[in-house]
Structure formats: structure tokens, C-alpha cells
1. Amide H to amide H, which residues 5 or more places from Ser187 or on other chains are under 5 Å from it, using H placed in the peptide plane?
2. Can you give the FRET efficiency to the nearest 0.05 for Leu61 and Phe92, using r as the Cβ-Cβ distance and R₀ = 51 Å?
3. Could you derive backbone 3J(HN,Hα) for the range 72-77 from the dihedral phi with the Karplus parameters 6.51, -1.76 and 1.60 (θ = phi - 60°), listing whole Hz in sequence and x where the residue is Gly or Pro?
4. Mind listing the long-range amide H neighbours of Asp221? Cut-off is under 5 Å, sequence gap 5 or more, other chains count too, H placed in the peptide plane at 1.01 Å from N.
5. Round to the nearest 0.05 the FRET efficiency obtained for Val185 and Lys262 when R0 = 35 Å and r is the Cβ-Cβ distance.
6. What distance in nm separates the two pseudo spin-label positions at Lys78 and Arg277, each 7 Å out from Cα along the beta-carbon direction?
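Every number in this text was worked out from the coordinates using simple rules, so none of it is lab data. Because the structure is predicted, anything quoted here is derived from the model rather than measured. Positions of Cβ are backbone-derived with ideal geometry, glycine not excepted, and every protein chain shown enters the neighbour counts.
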Amino acid sequence: MKDRFYLMFADDIGGRFRQFSVSKYLVRGFFVFIGIVFVLSVFMIHRHVKLSKDVIELQGLRRETREQRLQIQQFVQKVKDFEHQMARLENFDRKLRVVTSLERGDSAVQGWGVGGPNREEIDIYDPVLPSKGKDVIEELNKDIDELKSQAKFQEISFQELDEFFKGQESLLSSTPSIWPVRGWVTSGFGYRLSPFTERKEVHEGLDVATRMNAPVISPADGIVVRVGKDISYGNVLEIDHGYGVVTRYGHNARILVNTGDKVKRGQAIAEVGNTGRSTGPHLHYEVMVNSIPTNPLNYIFD
């Protein structure tokens, strides 16, 4: 009897009392269960609040990380653009020195190369940005220092060229520095397989394919020294630009100048054709320095 609880309820209808008995162990178990449920509820509420705060903080960090990554991407792109501009300047410098036969004063400006991360290699959703970002910034800072040094040397080089070109207007105007015709370079300077014999041969100029009768312009001032026909070149034209430089134009449909004529840079001198040993409309363009064929691309600035 001591292990049970007794409960009495009054019956409103008959006025009698009803008695119920409940085991003490069941009552204790009930209260223990209620206590456990209460503790778990408090823990879950606390855990939910903490997780909510963590999620909000994580979302903020991810947003900040994406913004930082985008900023790094933009910075990388700017460095790459600067690098490309410096490469173009160096190429321009090299061509000017080929034209003038002026040796570079400081070999330190040759062979520049800048590395650093590629823009495509930077993932804005990369979860390890904090560890990688520091390395990326260090690489970029190193690249910028190298580019600054390169720019300094390039400035010195251009100053040297500027001093050389003072009073050299005749040399500049006589340098074949522009394309004689616009089109597609179908065969470059150097060794190639002959389109006729399929044997290896030396191609001493550039083949530029374009529409029939397209105008061919003089790439520099000079004097026409040859107008005629040739088995290989077809209707051929040669211009002496002075300083040992002669240009040749082959396969023309029509030649617009005569031997002995003085021509200016940009003047129309012929029309593109398909004469001589040719497989289609194109201009064969050569540059010879002291009678030695050289790559015309070394002289073309644009």
C-alpha cells in the first residue's frame, strides 16, 4: 500500500467519492520524463538560437569572401592587362631597334616574364580563400614590382630611341612599317611545304590573301626600281626605300606606278591579283635588307 498514491474525486451526480490508486514509480517516472523533456527543449532552443547566429555569421563571411574574391579577380585582370601592354611596348621597342640597327643598351630589359595567378584560376566560392588569398596578394605584389622595374627600363629604352630618332625623319618615312594590304596571312616567312611540289622550301616573304583587285599601298616612301613580269611572281613590283631596304610585291593583277616613280607611304601602287605561280588571289610581300630577305613582320608596327 505504501508504493501507491491514492486520489479521490467527488461524483457531482450522486455525491459519492471515487478513489483511484497510482503506482509511485509511475508518478516518479512521469515527472522524470517531464524533466527530461524540459531539459531537452531548453537545449534544443539554445542550440537553434546558436545555429541561427552561426548561419547568419557564415552567410556574412561568405558574402564578404565573394566580394574579396571578385576584387582580387579585378586586380588580377588589371595586372594582366598591364603585362600585355608592357609586352606590346617591348615588341614595339624591338622592332624599332631592328629598323635602326640600334643595339639595346641594357640586356636586363630583355626576356621579361611575369607570372601570377590567372583570373580563371580564382574561384569566388572557394572555401579556403583566407589561406589562398594571402598567397595571391603576395604574388600580385611581386608581379607589380617586376612590372614597375620593367616600365622603368622601357622608359629608358624609349628615351634612347628618342635621342636616336631626332633628325631621322627620312629614315622613319622610308621604313616599311605598315601592311601593304589587309587580309589573312596564309603563308609566313621561313620554311614551308611548297603548295606545288609538297617539298620543303624557303618562303622569303608573306602571302596575304584578300579579295581580287584590292588596293596594294606602299608601306613607306621610296623609288620604284622594277616593274615587270616574272614566271614565279607574275606582275611584280619593287621599291627601293633607301638605307639598303627594298620591298617586293608579287602576283599583282595590275601595277599602278612606273619605274623611276617616287612613291609615298600609303599611296596605291598596285592591285591584288592571281598572276604567276599562284593558287589564288593574294599578295606576296618581301622585305630585303642589303639584298638579304628578312621577315616583314619585324618591320610592321601595327
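1. Asp207
2. 0.65
3. Here the 3J(HN,Hα) series is 5, 4, 5, 5, 4, 4 Hz.
4. Those lying under 5 Å, H to H, from Asp221 are Ser174, Thr175, Arg265.
5. Efficiency, rounded to the nearest 0.05: 0.75.
6. 5.6
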